[in-house]
Amino acid sequence: MSTTLFRDARCLDAQIDVLWDDARGVAAVGPAHTLAGDEIVVGGLLTPPLAEPHVHLDAALLGARAPNCSGTLREGIANWARLREGLTRQDVIDRARATLAMYREHGCLRVRTHVDTGSLLAVDALLSMRDENLQVVAFPQEGILRAPGRREAWERAVAMGCDAVGAIPHFERTTEEGWESVRMAFRLAEKHGARVDLHCDETDDPGSRNLEVACAETLRGTVPHVVAGHCTAMHSYPEPYAAKVMELVASSGVQVVCNPLDNVVLQGRYDGYPRRRGLARVDQLWAMGASVGIGHDSVQDPWYRLGTASLIDAAYMLVHVGHLTSEADMKRVVRTLHTENHDCFGSRPQLVEGARAMLWWNAADEVELLRTRGKPRVMVA
Ligand code: FE2
């Protein structure tokens, strides 16, 4: 048995000692300079492990096979549709495993992945890897109502055992069909006891208003912990409507998961100058009391080749494009990665005696962590 004493380390806003036991996990927590141990590490930042609420493991590490020449969302979807036809079960599993290993190196031990229901082979492959730290969302990349067969494949994927039902309402043919696809997602989730996790209003169109439908459905109370991913149209909503819908988000408990790495380059693509950033209004959502998660979304996939599986990278982008560079906001962004980001799993890890995992970062606090963006020492018992 060996122990490591993390002495005088930062944890939230306190300096503490933590005694780590390789077999048991966190053996003791106390004020700085009060505990003893074998190996001693002085200083640094301690946090619980991070969680990824939004990524696409079925497409991860595929970007180099079909480079996105225009850099647009539409070409990304078209390239993915071609790549999807050539997938094999082993290829999906190998890339998912490699990506999860990258996440782990960066301190992320829980991942919620979307999987395109256009490939039931990929759905089956990712479901075979599912456990308490890997959730799978049935995501109809090309919509449910746009073409024959898509609804059936999506329903089949959910019946195969996905944790959550996805939809992409802004990509359906009409506004009404987009709204209907949201309602269908809730009905399917109710039928299977699943949750709902939508790609919601991932567009710069201020007329894309599916989030309010998701909130109204959530308020019926039949599906717990509903997630609305992206919500980039919110960036462009007129102020009175933005205020209304954000209040609805807060009161319904829908969690908005923003994906700043992808959306800062995929949105604003049809703009001249000034060019919109296209990101959910994180500062205003916080002010309304809404829950916000931060996703990485793409790890070297057809939409975004630069993904590293580091949630700190996503946080770094968010503080820049979201104007969240006050001391308090930067800390809150980093802390979101080990608090709200875990909520889709139903529990938040704490750094307390008995905890089986924690991270040590070579940084004095969260602000220095954002600045340096190093990998943590990952401690798992
Ligand atoms: Fe996504």
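Annotations
- The residues on offer are Glu217, Glu247, Glu239, Glu212, and the sole one that is buried (at least 23 other Cβ atoms within 10 Å of the Cβ), more than 20 Å from the chain's Cα centre (by Cα), of a type outside the set (Ser, Thr, Tyr) and assigned by TED's automatic domain parsing to the domain that holds Asp58 is Glu217.
- When the criteria are applied in full, Ala9 fails the requirement of being within 16 Å of the ligand (Cβ to nearest atom), under 30 Å from the mean Cα position of the chain (by Cα) and either closer than 30 Å to Ala98 by Cα or assigned to a strand (DSSP E or B) (or both).
- Leu61 of a type outside the set (Lys, Arg), on the phi > 0 side of the Ramachandran plot and buried (at least 17 other Cβ atoms within 10 Å of the Cβ): yes
Here is a yes/no grid of residues against (1) within 29 Å of Glu340 (Cβ to Cβ); (2) in the same structural domain as Ala309 (by TED's automatic domain parsing):
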| position | (1), (2) |
| --- | --- |
| Leu19 | yes, no |
| Ala96 | yes, yes |
| Ala101 | yes, yes |
| Leu121 | no, yes |
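- As a summary of the residue check, Gly278 satisfies the conditions (1) over 13 Å from the mean Cα position of the chain (by Cα); (2) within 16 Å of the ligand (Cβ to nearest atom); (3) part of a helix (DSSP H, G or I) except for the one numbered (3).
- Residue count for segment 146-173, restricted to those that are assigned to a loop (DSSP other than H, G, I, E, B) and surrounded by fewer than 20 Cβ atoms within 10 Å (Cβ to Cβ): 7
- Residue check, Leu87 crowded, with 18+ Cβ neighbours inside 10 Å, farther than 20 Å from Asp201 by Cα and away from the ligand (no atom under 16 Å from the Cβ): yes
- Residues that are assigned to a loop (DSSP other than H, G, I, E, B) and free of Cβ contacts under 8 Å to residues at least 60 places away in the same chain, drawn from segment 310-325: His323, Leu324, Thr325
- Considering segment 66-84, the residues that are more than 16 Å from the ligand (Cβ to nearest atom) and part of a loop (DSSP other than H, G, I, E, B) include one that is surrounded by the fewest Cβ atoms within 10 Å (Cβ to Cβ), namely Cys69.
- Take the conditions (1) more than 16 Å from Leu134 (Cα to Cα); (2) surrounded by 21 or more Cβ atoms within 10 Å (Cβ to Cβ); Ile40 misses just one of them, which is (2).
- Of all residues in segment 363-374, exactly one satisfies the criterion of being within 14 Å of Ala314 (Cα to Cα), assigned to a loop (DSSP other than H, G, I, E, B) and touching a residue at least 24 places away in the same chain (Cβ under 8 Å), namely Arg373.
- Counting only residues that are of a type in the set (Gly, Ala, Ser) and in contact (Cβ under 8 Å) with a residue 40 or more places away in the chain, segment 12-39 holds 4 of them.
- The single condition from (1) within 20 Å of Ala228 (Cβ to Cβ); (2) among the hydrophobic types (A, V, I, L, M, F, W, C); (3) outside any loop (DSSP other than H, G, I, E, B) that Trp360 fails is (1).
- Looking only at residues of segment 253-264 that are within 15 Å of the ligand (Cβ to nearest atom) and among the aliphatic types (A, V, I, L, M), we find that the one that is surrounded by the fewest Cβ atoms within 10 Å (Cβ to Cβ) is Val264.
- Among (1) in the same structural domain as Val367 (by TED's automatic domain parsing); (2) within 15 Å of the ligand (Cβ to nearest atom), the one test that Gly63 misses: (1)
- One residue from Ala250, Ala243, Ala228, Ala216 being part of a helix (DSSP H, G or I) and either farther than 25 Å from Val165 by Cα or within 16 Å of the ligand (Cβ to nearest atom) (or both): Ala243
- Scanning segment 333-357 for residues that are outside any helix (DSSP H, G or I) and touching a Gly at 6+ places or on another chain (Cβ under 6 Å) yields Ala355, Arg356.
The values are calculated or read from the model by the stated rules, or taken from the named source; none is laboratory data. It should be emphasised that the depicted structure is a prediction, and the values quoted were computed from it without experimental measurement. Note: ideal-geometry Cβ built from the backbone for every residue, glycine included; neighbour counts use all protein chains shown.
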